[in-house]
Structure formats: C-alpha cells, structure tokens
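Participant: Handing you this structure, nothing more for now.
The values are calculated or read from the model by the stated rules, or taken from the named source; none is laboratory data. Source: prediction; values computed, not measured. Keep in mind that these areas ignore ligands, DNA and RNA; they rest on the heavy atoms of the full protein, side chains included. Shrake-Rupley method; radii C 1.70, N 1.55, O 1.52, S 1.80 Å.
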Amino acid sequence: MSGFNFGQIGSIMSEMFDSDFLDIKRDVGSNLQEMYSNVPCHIAFASTDNPDPTTVDTKPIIQSINVHMPLWVDIQNNDFIVAKRVDSEGNLLKTYSGRCGNPIVSEGRKKVLMTMSATESEEPTPVPPKNPATITINYLSSGIPIQDSIKKTIEVGNVFSINAPVIEGYFAEYCVINGEKQESATVYIADVKNVEYTIDFVYTVSETPNMARFLVKGLYTKDDGSLANGYHQYKKIDIDSISESEETFTITCDNVKWTHEDNGKSLSIKVGAKLVLIPRNIFVQVDEIIGAENNKVTFTATEFTPTEDERNSYVTGWYD
C-alpha cells in the first residue's frame with residue numbers, strides 16, 4: 001500500500017489558500033539580508049489583545065500570527081519576516097512584521113509563528129501585480145550593452161514612466177519602445193497593455209572627460225562589499241573645465257582633500273598625484289598647481305602610459 005503524496009497535497013493547498021505574500025530576511029553579520037521576497041503564503045491570526053473587550057468598536061491589537069507556506073521555503077528560527085495581506089484584486093491591505101520561531105512541518109505544508117515587532121523596519125517588497133505586463137529595459141551604445149538589462153512587471157492598465165539613468169562616461173540620447181524611436185530618453189506609457197515591452201535606452205560616449213578618479217594602490221572595498229588589495233580608481237571628482245594640448249591637460253575641479261576610507265592614505269590634487277580621466281580612461285599625472293581658490297583648484301597634468309596593473313585597476317563605486 002503506497003503512502004500519501006503530501007507534496008501533492010501541499011501544492012493543492014498552496015493553490016487554494018496562498019493569496020498573501022511573505023518577505024524573509026536573515027541576519028548576515030550585522031545586517032538583515034533579504035533571502036526571499038513575495039513568497040505565496042496564507043496569514044492566520046494566532047493571538048490578539050483587545051484593550052477593552054466590552055467595547056465592540058475597539059479594534060483588537062494583533063500580537064502574533066501564523067504564516068503557512070509551501071515546503072520548499074527555507075525559513076529558519078529568528079528570521080525577520082514581513083507578511084503582506086492582499087485583497088482579491090491584489091492590493092496590499094496590511095503588513096505584519098517580526099521575528100519567527102522554528103518552522104513546523106505537517107501534511108505537505110510549513111508554518112511559523114511570528115511575534116509582532118515594533119523595533120525593526122518592515123519595508124516590504126511591493127506585491128506582484130495581479131495582471132502583470134513584462135517590461136525589459138536595455139542600455140545600449142552602438143548596439144552594445146553597457147549595463148545589465150533589467151526586467152520589471154507592472155499592472156496592465158497602469159501608467160509606466162522611467163528616465164534613462166545616468167551611466168558614467170555616457171550621454172543618454174533617446175529611447176526605443178518596441179522598435180519605435182522616441183524623441184527623448186524618457187519613457188511614458190499612459191496605458192500599459194497585456195503585451196511584452198522592450199525598451200532600449202540609447203547612449204553615446206561622452207568624448208570630453210567630465211570627471212576623474214584618483215589612481216591608488218592599497219586596500220579597498222569592491223562593489224559587493226568584499227575587501228581587496230591593489231590598484232583601484234577611488235571616488236569621482238567632477239571636472240568644471242578641461243582643455244588639452246599635446247597630451248597635457250589643464251583642468252579645474254573641486255579642491256578635494258580626502259582620506260581613503262580603507263587604507264587611510266591622504267588624497268588631494270598635488271604634484272605627482274595620479275588620476276584617471278573619465279570617460280576616455282586617460283591616465284595622467286599632476287605636473288603643476290596653477291591656482292586654488294573658493295574650494296577649486298586649477299592644475300596641469302600629463303598623460304602617461306600605465307602599467308598593466310594600473311590599466312586593469314578596479315573602478316570602485318562603493319565610495320561614490
């Protein structure tokens with residue numbers, strides 16, 4: 001005699017009851033890291049406290065809830081969760097947040113008891129649209145991707161608008177929506193249809209450098225938060241004016257005086273300082289300080305040929 005297929009039972013129960021959504025966050029180091037967002041679930045109230053039980057008009061205070069979810073969800077004791085109750089149209093009605101206990105597994109389902117918390121941020125991920133349209137956004141220059149594509153979902157019938165983001169070293173020229181070129185780099189769809197949209201933001205390379213970074217050797221933080229050691233390009237310095245003559249540049253910019261946040265080196269515009277001019281990735285060394293006033297500095301710098309390690313220096317966005 002074969003046993004019950006509790007996995008199949010769990011799938012059926014999930015289809016029938018899981019009309020709410022759940023975000024799960026976990027302590028990683030000293031931060032809360034989101035492990036899941038918008039997991040289908042079912043919220044059931046476990047306990048309430050009515051400060052005046054004789055008054056029917058007094059709204060009960062919810063102290064804890066049970067959250068039922070599919071078996072595949074990796075939820076652990078002391079995870080911080082945000083449970084989101086939605087109506088039949090997919091609109092967010094209420095969020096409940098707090099720490100959960102050990103999960104209990106039974107009959108193809110998993111559940112946790114969550115105690116309400118007022119001490120931690122609940123910041124829920126927006127619930128998914130009930131009737132979504134998919135929008136793919138690409139960022140191109142001369143037909144070549146210059147930034148990873150992203151996908152968005154939005155409710156059919158809603159308005160969707162987005163501006164081309166600033167990408168270092170490029171200028172947003174125009175956008176293309178489903179093959180139709182637009183006059184500007186701003187997307188506006190007044191009534192989203194039930195179709196797949198493809199949006200291409202088209203950029204051109206900025207020929208004149210408009211910013212610089214210090215070329216530094218030492219400890220630094222990568223964009224994923226990990227530490228590394230070696231050549232890197234540190235922080236953006238906006239350039240007010242720049243001119244070029246025979247590989248020598250005359251530049252005016254902010255008269256920055258920084259201390260590197262990881263290796264402690266003092267960084268300023270001074271003779272001998274090495275910079276990388278962006279977007280053309282020109283490596284220069286400061287020759288002479290012409291003048292400095294009103295927190296601005298004007299100087300000359302000469303292009304040099306970088307070593308292989310300098311040429312492959314890591315561009316740090318972590319400090320920007």
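Participant: Once you have the Cα-Cα distance between Thr115 and Asn312, take 0.36 nm times their residue separation minus that, and quote the gain in nm to one decimal.
Facilitator: Additional length available on full extension: 65.9 nm.
Participant: Residue by residue through region 244-256, which ³J(HN,Hα) values in whole Hz follow from phi under the Karplus form 6.51 cos²θ - 1.76 cosθ + 1.60 (θ = phi - 60°), with glycine and proline marked x?
Facilitator: Karplus values, whole Hz, x for Gly and Pro: 10, 8, 6, 6, 10, 10, 10, 10, 10, 8, 4, 7, 6.
Participant: Helix 6-17 sits at what angle to the longest principal axis of the chain, using alpha carbons and giving 0 to 90 degrees rounded to 10?
Facilitator: 80
Participant: Let me ask another. First compute the accessible area of the chain with a 1.4 Å probe, then give the percent of it belonging to carbon and sulfur atoms.
Facilitator: 48
Participant: Semi-axes of the equivalent ellipsoid of region 120-271: what are they in whole Å, largest first, if each equals the square root of 5 times a C-alpha gyration tensor eigenvalue?
Facilitator: In descending order, the three semi-axes are 39, 23, 13 Å.
Participant: How much accessible area per residue does the chain have, in Å², with a 1.4 Å probe?
Facilitator: That works out to 58 Å² for each residue.
Participant: Give me the orientation-averaged projected area of the Cα convex hull of region 204-266, in nm², one decimal.
Facilitator: That works out to 5.8 nm².
Participant: Mind pulling the per residue volume of the convex hull built on the Cα atoms of the chain? Å³ is fine.
Facilitator: 254
Participant: In what order, largest first, do Arg311, Arg280, Arg85 sit by accessible area if the probe radius is 1.4 Å?
Facilitator: Ranked list, largest accessible area first: Arg311, Arg280, Arg85.
Participant: Keeping all protein chains in position, work out how much accessible area Phe45 exposes to a 1.4 Å probe, and write it in Å² to the nearest 10.
Facilitator: Approximately 100 Å² of Phe45 is accessible to the 1.4 Å probe.
Participant: Just to be sure I understand: of the beta bridges DSSP finds with both ends in the chain, what percent are antiparallel, rounded to 5?
Facilitator: 95
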